[in-house]
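Structure first, then comments.
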Amino acid sequence: MYQTLLPTASGGSSPSQVPAAKRIESFGVVGAGLMASQLALLVAEKLRVPVLVSDVSASRVTNAIEGMQARLKRQEAKGRLGPGEAAEIGGLIRGSIKPTEFRTCDAVIEAVYEELSVKRIVFRQLEESFASDALILTNTSSLSVAAMARGLIHPERVLGFHFFNPVAVLPLLELVRTPFVSDDAVRSASDLAARLGKTAVHVADTPGFVVNRILTRIFSEILAEIDKGADPATVDSSLESWGLPMTPLQLIGYIGPSVQRHICDTLHRAYPDRFHRSTSLDTVVQAGLPGFFDENGIVQPVAVARPSEPHGSDLASLRRRVREALDQEVQLMLDEGVVATSADIDRCMVLGANFPAGGLSRLT
């Protein structure tokens, strides 16, 4: 079960009595995919400490490191890094397929497949490999961090550390607490986030946290219209007046239909009355399509009936329904204690999803 837990104040200790944040001198990344590679580069560039990248496949690790080296060289060629910095940063990154290699790391983040059982295996292997005060972080986008930590010898050092893609650009980091986490671990993770140049918003360990819960509520309303038979391109245009960085269907394509369906499933299990399973999204995923649009920007066909399409006032009505759904979700999140204020939600949407200044509060 998910539990809500907001940050708590220290129990009356004077500043001199508060332990210093743990200094991160060596960092590990479990996974060699896109997000994992971005995380490894960020840490190496910002902290200038050794970074270990690991995966079960040696070829994936090799490919990831080669890709990171190539990206660093491109950044230097464009003047985004100083002369020699690509070699300096790249020299800090190495790869391995052995979990025991993490024994020297002060913190490790996992960025593997979004499957709870897989992440729990990773966490158990990490705990066997390094010191009891090392941080164990997860980049999960919607799964329960507490469920990952449960059963560990030291669950108090496990936190959610959720970045947003592209990692180097979007400043938000959702810092997810569990009922087990220690104040020392939260302090160290907060310090780490700041050293990485990220704005950490403390959130409770609830499905989807903040950004993915809000985005998926939007997707749920839009996809419900498509499931009823409305034209995808027409429905997708209903929120144009909000000035969002992408339309809902474009964003699903950017996230990846299969990834988004997984997030939808997580939220549907938690809140089935508000987050619906979409037959049209299922069709896109099962067909192996990259989204509702192809490389030419043409809407992919979905196998649903086509009654009359919404136009004009119907689109305005849909936009109002989405706005009302978001108002409901924000209030529920505040009631549950996911964050302290609605301003925290606005900040998350601006910094993590590139919403216009003001976030949800300015949408009409």
- prompt: Can you give the extra length, in nm with one decimal, that the chain gains between Thr199 and Glu336 once fully stretched, where that is 0.36 nm per residue apart less the Cα-Cα distance?
  reply: 47.1 nm
- prompt: Extension gain Ala77-Thr62, at 0.36 nm per residue separation less the Cα-Cα distance, in nm?
  reply: 3.1 nm
- line: P(r) over all Cα-Cα pairs of the range 25-203, 5 Å bins from 0 to the longest distance, whole percent per bin, short to long, reads 1, 9, 18, 22, 22, 15, 7, 3, 1, 0
For the range 211-362, projected area of the alpha-carbon convex hull averaged over all directions, nm²: 8.7 nm²
message: Output needed: percent of Cα pairs per 5 Å distance bin for the range 244-286, bins running from 0 to the one holding the longest distance.
response: 5, 23, 28, 24, 16, 3
- prompt: How much space per residue, in cubic angstrom, does the convex hull of the C-alpha atoms of the range 82-121 take up?
  reply: 115 Å³
- line: The summed charge of the Ala193 Cβ neighbourhood (under 12 Å; Lys/Arg +1, Asp/Glu -1) stands at +2
- prompt: log10 I(q)/I(0), Debye, Cα-only the chain, no solvent, q = 0.10, 0.13, 0.14 Å⁻¹?
  reply: -0.66, -1.08, -1.22
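Bear in mind these aren't lab numbers, they're just calculated from the coordinates by the rules spelled out. For clarity, every value in this text was computed on a predicted model and none was experimentally measured. Cβ atoms come from the backbone with ideal geometry, glycine included; neighbour counts cover every protein chain shown.
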